[in-house]
Each structure stands twice: as structure tokens, then as C-alpha cells.
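Chemist: First the structure, which I've put down as C-alpha cells, then a few questions once you've had a look.
The values are calculated or read from the model by the stated rules, or taken from the named source; none is laboratory data. Just so it is clear, the model here is predicted, and its values are computed rather than measured. No Cβ is skipped: glycine too gets one built from the backbone with ideal geometry, and neighbour counts run over all protein chains shown.
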Amino acid sequence: MISELASSFAGSFPAQLPAQAFQGPEVNWFALSPMLALLAGALGIMVVGAMTPQWPKGLYAFVSAFTAGTAGALAMVQWDDITDTGVQTLVGGVVAFDTFAMFLTITICMSLLLVSLLTDSFLRGTPNEGPEIYALYMVAAIGGIVMASANDLIVLFLGLETLSLALYVLAASNRRSLKSAESGIKYFVLGGFASAFFLYGIALLYGASGTTNITEMVIAFRNGVDLDNSDPLALAGIAMLIVGLGFKVAAAPFHVWTPDVYEGAPSPVTAFMASVGKAAAFAAMIRVLVTALPFFRDDWGPVIWALAVLSLVVGSFLAVVQTNVKRMLAYSSVSHAGFLLVGVEAARNTAGEALPGDGIASVALYLMLYSVLVIGSFGVVTVVSKASGDEDGDSSLDSFKGLAKRRPTLALAFTVFLLAQAGVPLTSGFIAKFGVIQAAVEEESYVIAVIAMVAAVVAAFLYLRIMVNMWLADSDGGDDAEPVTIPFSAGVAIFGAAAFTLFVGVFPGWLIDAAQTVSIIAR
């Protein structure tokens, strides 16, 4: 009887399905080469690392940094191809091949290179030294690049989860530290809620438009949106997406995870989260709000305006009262998220129009410049905190007292980063902040531009407080204070970031011109 049922069941299907039913989309493998290079590096370092004895000191970091450099170089080649052939989509229209994606890819690869060098000195001589951390870095970078280049909300979500899961593990990677474990579990729990909001928002937008593809979504809303009666399903979906993205970019009031996670995570991991994580999240926000939902800009625009103001105020004022440098920089990152949101709000005014304005370009430029200087800042924190000999590292404000007398070059580099974060002229931070404020002024968003400038003045007190501790205060131990040793790889990362910060501040034209040529598909 069973055989008869099986025969009848098999007979209800054709003997052979047509071959075209299994044909997948055409894949331009070379266009995906930056991601493939990082994937090869991650798989190679894990597989070879598992099958061989402990590698020579610094080789894990070298492989990771070399892979990042290779991927960044390939992204520059792709940029040149895009400027010749124009923007397009890949893999069946789910990946955007445009200069915005390449600009963010270069930013992420540059950050990965610097963090890899920084991590080498942090892990060397500890039980955590091995290939796992670097493989997670590269996997997270792949997720960030997918987020920056996604032309489909489902693909964007996959990139988001790839990045987030790697960051959860990295935050808790210091197995000897209770603070690191606490950081990982807090980030995981709150990040899970944020991802749920984001996914639910995608589902609601799918119900409203009938697609998750960004290009098709723009067409669907262009033909079906009612300017007099907004679709409640779409509005609910947009609200959910903003909640999820607000968490990922650490914008107030969704920033509550930031101080604890930044403080508890290993300092190089914190640098990676503050650079790659923020760059990928803001790239996703541009893709979702400005590119996919331009016809709802009057609905989500006021929300972004409010988030920008809250982030500027909360980040600037709460950073001032902190006594731990990592927590200071955490709240400072909330303030920087506010500046970036000023750029997003400026991009909102021209969303869906033929002339995009300066909003998107200012955000892309800010992300690159901020990524470099925040890695340099946390690099100094890494070196100073490790000199304390404490298991978790002492990153209190007191540990920086008298740093100029103990390590004047390190104090000078940190001063450069702090001045840049304050937006002082002749530093890259001034170029970044001036760009987003100028974009807001050009769109006549004068109120938010003034609030941003006032917040910058308030935040300057925070950076001045750290500098006073380094240059004018004496260390608690006097001449017997712990010496601060600068490992070679960490020194290369820190002073390379400082040189870039000053060079762009003095000669910004070439990078501003590159950012101005950023194009984005499906506008």
C-alpha cells in the first residue's frame, strides 16, 4: 500500500523539471570582490589557524590588515569602474553597485586595517591571542558592506544580523573579564529587540508595497502613495524601522546600551563598534529612508529632526559629567550620531529629487573621518589602560593624569584626536562637522544647525577636561607612576590615524571632491 501511495505521489509531478526553473541570477563576481576578499581572509585565517600551531607574533593581525587593505584597493578599482559605466544593481537587483557603497566599503576596510593593528598589541601575550577575533572582525566587516550596498530590505537585514552577531561575540570576547561578559549580554539582549523591530518594520512595508526590493518599492509608492491620506501600514513600518536603526546608530533615546557596552568591551572592539558599526548603520539608514522612502519624507523627517536634537543634547551634556574616558567617548559618540543625523535630515529635504544636495555626501564624509579619529582615540585608551596592569584595564580619567610627562608623543596624538572631535579648524573633525552643518543651512534648516553648533561648544568642555588632565595634572604615582609602553603595531595605528586627521584637516579638498561625487542608485 505504501509503495502504491508513493507511486501515485511521484506520478503527480513531472519526471523532470525544466532546467530554467533552477537558473539563478547572473553574478558579477569581480564587482563583489571586496566582500569576497574579506570572506577568503576570514575563512583562511580560521581554517589554517585551526590546523597549524600558534602563528608567529603579529602574523594574525598582519593577515587581517592585509586582507582589509586588499579589499579596500579592490573597492577603489570598483569606484573607477562605476564612474565609467554608471550605477547598476547586481545579483538580481538586490545589491546596489554605486559609489556610495564603494565609499562606505573603503571606510570599513580602512577601519578594519587600523583596528587589526591595534588589536595585535592588546591580545599579545594573553590567552585570547588567536585567529578568532580577527575572523570575527572580517565577518562583521562583510556584514557592514552588505548593509551599505543592499538594494533589498531582506538583504539589508541579513547584513545587519551578520554584523550584529559578530559584534555580540566580540564584545564578550575577553573571557577573563566580567565586564566584557556583561557588555556582551547587554548588547545581545537589547540588540535582539532592535532587530525584531527592524524585521517587523520590513514586514509592514512589504504589506504596504508588495515588495522588499528598494527599486521596486520606490516605483510602487510612486504609483500608489496618496499624499492626502497616508498609508497607516507603511507609516507603522517606517516607525519600526526607525526604532531599529536608532538603536544601531546609538541615537538618543535608543542609546542606553552604548556607555555600558563601550566601557565593558575590550578597547579595540569598542573602536571597531564605534567606527564600522556606526558607518554601516548610517549607510543602512540612508538606504532605507532617503532612497526607499522619499515619498514619506514629510512623515519621517520630523522624527529624524527630533532624534538629532536629542542625541546632540544628551550626548554632549551627559559626556561632561563622566569620570571614565571610555564612557566619555561613548556619550561623545551619541553626540556624533546627532551630527550625522543633521546630515540625514538635510538629505531628507531633497530625497527623491533629481539633484540630491549635499546631505548624503556630508554623511559619507563624516563617517570616514570620524571612523579614523575614533579608532585613534580608543587606540590611546587601549595603550594607557593596558599599562595599569588591571585585568579590565584602567580607563578612568585619573589614569590619564600626567600622560604628557610620561609619554608626550602619545599625549600629543590624543590631543589631536580630541581637538578633531571638538571640531577645531585644521583637523578632519572640523571638515566633518562643517559639512553636515553647511548641508543643513543650504536646506534652510537653521534651527538644527544652531543647536548642533551649541552642542559642539558644550562637548568641547569634555575634550578640554581630558587634555587638562594629560598636560597640566601630575600623575597620582608621581615619578613612580606606571610607565606607558607603546607597542609597534598600536603606534602605527595611532600615529597613522593622527597623521590622516591632520592631513585632511589641512588639505581637505581631494576628499571633499570624492565625497561630492558619491552617487546612490534608485533615487
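Chemist: Determine whether segment 120-131 contains at least one residue that is closer than 23 Å to Thr99 by Cα and touching a residue at least 40 places away in the same chain (Cβ under 8 Å).
Modeler: no
Chemist: Is it true that some residue in segment 335-348 is in a helix (DSSP H, G or I) and more than 30 Å from Met217 (Cα to Cα)?
Modeler: yes
Chemist: Continuing with the same structure: Can you find a residue that is touching a residue at least 24 places away in the same chain (Cβ under 8 Å), more than 22 Å from Phe122 (Cβ to Cβ), touching a strand residue (DSSP E or B) at 6+ places or on another chain (Cβ under 8 Å) and not charged (D, E, K, R) anywhere in segment 60-73?
Modeler: no
Chemist: For residues that are more than 25 Å from the chain's Cα centre (by Cα) and β-branched (Val, Ile, Thr), scanning just segment 467-498, find the one that is modelled with the lowest pLDDT.
Modeler: Among residues in segment 467-498 that are more than 25 Å from the chain's Cα centre (by Cα) and β-branched (Val, Ile, Thr), the one modelled with the lowest pLDDT is Val484.
Chemist: Suppose we keep only residues that are without any contact (Cβ under 8 Å) to a residue 12 or more places away in the chain and assigned to a helix (DSSP H, G or I) within segment 504-523. Which one would you say is nearest to Phe430 (Cα to Cα)?
Modeler: Of everything passing the filter in segment 504-523, Gly509 is nearest to Phe430 (Cα to Cα).
Chemist: Mind checking which residues of segment 298-349 are hydrophobic (A, V, I, L, M, F, W, C) and touching a strand residue (DSSP E or B) at 6+ places or on another chain (Cβ under 8 Å)?
Modeler: Hit for segment 298-349 is Val325, nothing else.
Chemist: Any idea which residue in segment 425-472 is nearest to Val334 (Cα to Cα), counting only those that are buried (at least 21 other Cβ atoms within 10 Å of the Cβ) and hydroxyl-bearing (Ser, Thr, Tyr)?
Modeler: Tyr463
Chemist: A follow-up question, please. Identify, by number, the condition in (1) assigned to a strand (DSSP E or B); (2) small (Gly, Ala, Ser); (3) closer than 21 Å to Val169 by Cβ that Ala65 doesn't meet.
Modeler: (1)
Chemist: Report whether or not Ala279 is in contact with a Leu (Cβ under 6 Å, 6 or more places away or on another chain), of a type in the set (A, V, I, L, M), under 30 Å from Ala387 (Cβ atoms) and touching a residue at least 24 places away in the same chain (Cβ under 8 Å).
Modeler: When the stated conditions are applied, Ala279 passes them.
Chemist: Collect the residues in segment 168-186 that are charged (D, E, K, R), over 20 Å from the mean Cα position of the chain (by Cα) and surrounded by 17 or more Cβ atoms within 10 Å (Cβ to Cβ), keeping them in residue-number order.
Modeler: Correct list: Lys179, Glu182.
Chemist: Please go through segment 40-73 and pick out each residue that is crowded, with 17+ Cβ neighbours inside 10 Å, within 16 Å of Ile106 (Cα to Cα) and of a type in the set (A, V, I, L, M).
Modeler: Ala65, Ala68, Ala71
Chemist: While we're looking at this one, here's another question. Of the conditions (1) out of contact with any Gly (no Cβ under 7 Å at 6 or more places or on another chain); (2) of a type outside the set (D, E, K, R); (3) in a helix (DSSP H, G or I); (4) touching a residue at least 12 places away in the same chain (Cβ under 8 Å), Ala306 clears all except one; give me its number.
Modeler: Result: Ala306 fails condition (4) only.
Chemist: For segment 187-264, which fully contained helices (runs of 4 or more DSSP H) count at least 1 residues that are under 18 Å from the mean Cα position of the chain (by Cα) and among the β-branched types (Val, Ile, Thr)?
Modeler: Because the criterion is at least 1 residues that are under 18 Å from the mean Cα position of the chain (by Cα) and among the β-branched types (Val, Ile, Thr), the helices (runs of 4 or more DSSP H) in segment 187-264 that meet it are 232-248, 258-264.
Chemist: Moving to a separate point now. Among the residues in segment 24-31, are any out of contact with any strand residue (DSSP E or B) (no Cβ under 6 Å at 6 or more places or on another chain), modelled with pLDDT of 55 or more, closer than 18 Å to Thr105 by Cα and of a type outside the set (Val, Ile, Thr)?
Modeler: yes
Chemist: Applying the selection to segment 391-449, what residues are within 25 Å of the chain's Cα centre (by Cα) and within 30 Å of Leu178 (Cα to Cα)?
Modeler: Listed by number, the residues that qualify are Asp392, Gly393, Ser395, Phe414, Phe417, Leu418.
Chemist: Sticking with this one: In segment 156-164, is there at least one residue being over 18 Å from the mean Cα position of the chain (by Cα), at negative phi and either of a type in the set (Val, Ile, Thr) or surrounded by 22 or more Cβ atoms within 10 Å (Cβ to Cβ) (or both)?
Modeler: no
Chemist: Only one of (1) part of a helix (DSSP H, G or I); (2) closer than 27 Å to Asn151 by Cα; (3) touching a residue at least 40 places away in the same chain (Cβ under 8 Å) fails for Phe317. Which number is that?
Modeler: Evaluating Phe317 over (1) part of a helix (DSSP H, G or I); (2) closer than 27 Å to Asn151 by Cα; (3) touching a residue at least 40 places away in the same chain (Cβ under 8 Å) leaves (2) as the failure.
Chemist: Sticking with this one: Do we have any residue at all in segment 171-178 that's part of a helix (DSSP H, G or I), touching a residue at least 24 places away in the same chain (Cβ under 8 Å), touching a helix residue (DSSP H, G or I) at 6+ places or on another chain (Cβ under 9 Å) and not hydrophobic (A, V, I, L, M, F, W, C)?
Modeler: no
Chemist: With the structure loaded, tell me whether Ala330 is part of a helix (DSSP H, G or I), more than 22 Å from Gln438 (Cβ to Cβ) and in contact with a Leu (Cβ under 6 Å, 6 or more places away or on another chain) or whether it fails that test.
Modeler: When the stated conditions are applied, Ala330 does not pass them.
Chemist: Further question: Here are some residues: Phe254, Phe272, Phe295, Phe317. Which one is among the aromatic types (Phe, Trp, Tyr), modelled with pLDDT under 95 and buried (at least 24 other Cβ atoms within 10 Å of the Cβ)?
Modeler: Answer to the check: Phe254.
Chemist: For Ile202, indicate whether it is in contact with a Lys or Arg (Cβ under 7 Å, 6 or more places away or on another chain) and under 19 Å from Val290 (Cβ atoms).
Modeler: No; evaluated as a whole, the condition is false for this residue.
Chemist: Can you confirm whether Thr427 is under 22 Å from Asp358 (Cβ atoms) and touching a helix residue (DSSP H, G or I) at 6+ places or on another chain (Cβ under 9 Å)?
Modeler: The answer is yes for Thr427.
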